[in-house]
1. Could you tell me whether any residue of region 101-123 is under 24 Å from K206 (Cα atoms), touching a residue at least 40 places away in the same chain (Cβ under 8 Å) and touching a Ser or Thr at 6+ places or on another chain (Cβ under 8 Å)?
2. Suppose we keep only residues that are surrounded by fewer than 11 Cβ atoms within 10 Å (Cβ to Cβ) and free of Cβ contacts under 8 Å to residues at least 24 places away in the same chain within region 53-63. Which one would you say is nearest to P91 (Cα to Cα)?
3. Filter region 26-75 down to residues that are under 46 Å from the mean Cα position of the chain (by Cα) and either under 30 Å from A106 (Cβ atoms) or among the hydroxyl-bearing types (S, T, Y) (or both), then give me how many there are.
4. Exactly one condition in (1) farther than 22 Å from A199 by Cβ; (2) among the hydrophobic types (A, V, I, L, M, F, W, C); (3) within 19 Å of the chain's Cα centre (by Cα) is not met by L109; state its number.
5. Among the residues of region 5-12, is there at least one that is in the same structural domain as A137 (by TED's automatic domain parsing), part of a loop (DSSP other than H, G, I, E, B), of a type in the set (D, E) and farther than 30 Å from G108 by Cβ?
6. Run down K116, K134, K102, K206 and say which single residue is basic (K, R) and under 20 Å from V5 (Cα atoms).
7. Restrict the check to region 156-165 and report whether at least one residue is acidic (D, E), touching a residue at least 12 places away in the same chain (Cβ under 8 Å) and closer than 23 Å to D20 by Cβ.
8. Within region 189-202, is even one residue hydroxyl-bearing (S, T, Y) and either under 21 Å from L25 (Cβ atoms) or not assigned by TED's automatic domain parsing to the domain that holds G14 (or both)?
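The values are calculated or read from the model by the stated rules, or taken from the named source; none is laboratory data. Values in this document were obtained by computation on a predicted structure and should not be read as measured data. Here the Cβ positions follow ideal geometry from the backbone for every residue, glycine too, while neighbour counts run over all protein chains shown.
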Amino acid sequence: MDLNVTTLEGKAAGKISLSDAIFGLEPREDIIARVVRWQLARKQQGTHKSLGRSEVSRTGAKMYKQKGTGRARHHSARAPQFRGGGKAHGPVVRSHAHDLPKKIRALGLCHALSAKAKDADIIVVDSLTAAEAKTRALAASLGKLGITNALVVGGAEIDQNFRLAAKNIPNLDVLPVQGINVYDILRRGKLILSKDAIAALEERFK
């Protein structure tokens with residue numbers, strides 16, 4: 001698969017050949033969905049917590065005598081049916097993460113990249129560098145390319161000026177190539193890859 005390479009200023013910079021093993025697969029939604037579920041499950045904090053009957057600050061003494069009152073039998077006011085009592089089977093602090101084989105994770109990333117390629121939503125740029133950290137200048141350059149919602153993936157190191165300039169642009173995420181992931185690819189409209197990012201991906205999956 002061949003794609004045109006452009007500069008951030010919108011000028012042509014040749015062509016690049018993409019590996020069909022990474023960008024030319026027929027996207028499978030089931031694999032992509034598994035990886036997204038795995039990512040979001042790991043992302044959950046799991047810090048939700050309610051107090052059980054052994055944790056509420058309330059007396060544990062028997063409310064009234066067992067017999068002779070004509071009322072139902074009760075013991076502690078900490079029981080869940082009473083106001084101020086503990087929560088029965090409430091949420092507890094836990095991890096929501098589950099396992100997913102590395103091969104499925106890698107395959108999910110390839111299918112997500114292939115889905116973007118199939119929809120013609122991949123833009124290859126020569127390099128991601130900025131002369132100065134000016135948000136307005138970068139926003140104008142991206143506007144010329146028709147980019148309003150995108151994930152930008154650079155090489156192993158992101159240019160400091162480019163990173164700072166992109167920081168305040170809405171709907172624009174910037175990641176080094178080692179941070180590329182299925183969820184971030186799918187949540188943005190366009191995928192902008194530098195030539196260094198493509199070389200690193202092909203080296204990773206060769």
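1. As a first pass, look at region 101-123 and keep what is under 24 Å from K206 (Cα atoms): 101-123.
With touching a residue at least 40 places away in the same chain (Cβ under 8 Å) added as a condition, the list becomes 104-118, 121-123.
Okay, now just the ones that are also touching a Ser or Thr at 6+ places or on another chain (Cβ under 8 Å), so 123.
Yes: one or more hits.
2. First, pick out the residues of region 53-63 that are surrounded by fewer than 11 Cβ atoms within 10 Å (Cβ to Cβ): 54, 57, 59, 61.
Next cut, free of Cβ contacts under 8 Å to residues at least 24 places away in the same chain only: 57, 59, 61.
On the way: S57: 18, T59: 23, A61: 26 Å.
Residue satisfying both the conditions and the ranking: S57.
3. Of the residues in that region, 26 qualify.
4. Unmet condition: (1).
5. Looking for residues that are in the same structural domain as A137 (by TED's automatic domain parsing), part of a loop (DSSP other than H, G, I, E, B), of a type in the set (D, E) and farther than 30 Å from G108 by Cβ, one finds at least one in region 5-12, hence yes.
6. Numbers: K134 fails: under 20 Å from V5 (Cα atoms); K102 fails: under 20 Å from V5 (Cα atoms); K206 fails: under 20 Å from V5 (Cα atoms).
The match here is K116.
7. Pass one, region 156-165, residues acidic (D, E): 157, 159.
Filter once more, so that each one left must be touching a residue at least 12 places away in the same chain (Cβ under 8 Å): 157, 159.
Now restrict to residues that are closer than 23 Å to D20 by Cβ: none.
Among the residues of region 156-165, not one is acidic (D, E), touching a residue at least 12 places away in the same chain (Cβ under 8 Å) and closer than 23 Å to D20 by Cβ, which makes the answer no.
8. Here is the first cut: in region 189-202, the residues hydroxyl-bearing (S, T, Y) are 194.
Subsequent filtering for residues that are either under 21 Å from L25 (Cβ atoms) or not assigned by TED's automatic domain parsing to the domain that holds G14 (or both) retains none.
No: region 189-202 contains no residue that is hydroxyl-bearing (S, T, Y) and either under 21 Å from L25 (Cβ atoms) or not assigned by TED's automatic domain parsing to the domain that holds G14 (or both).
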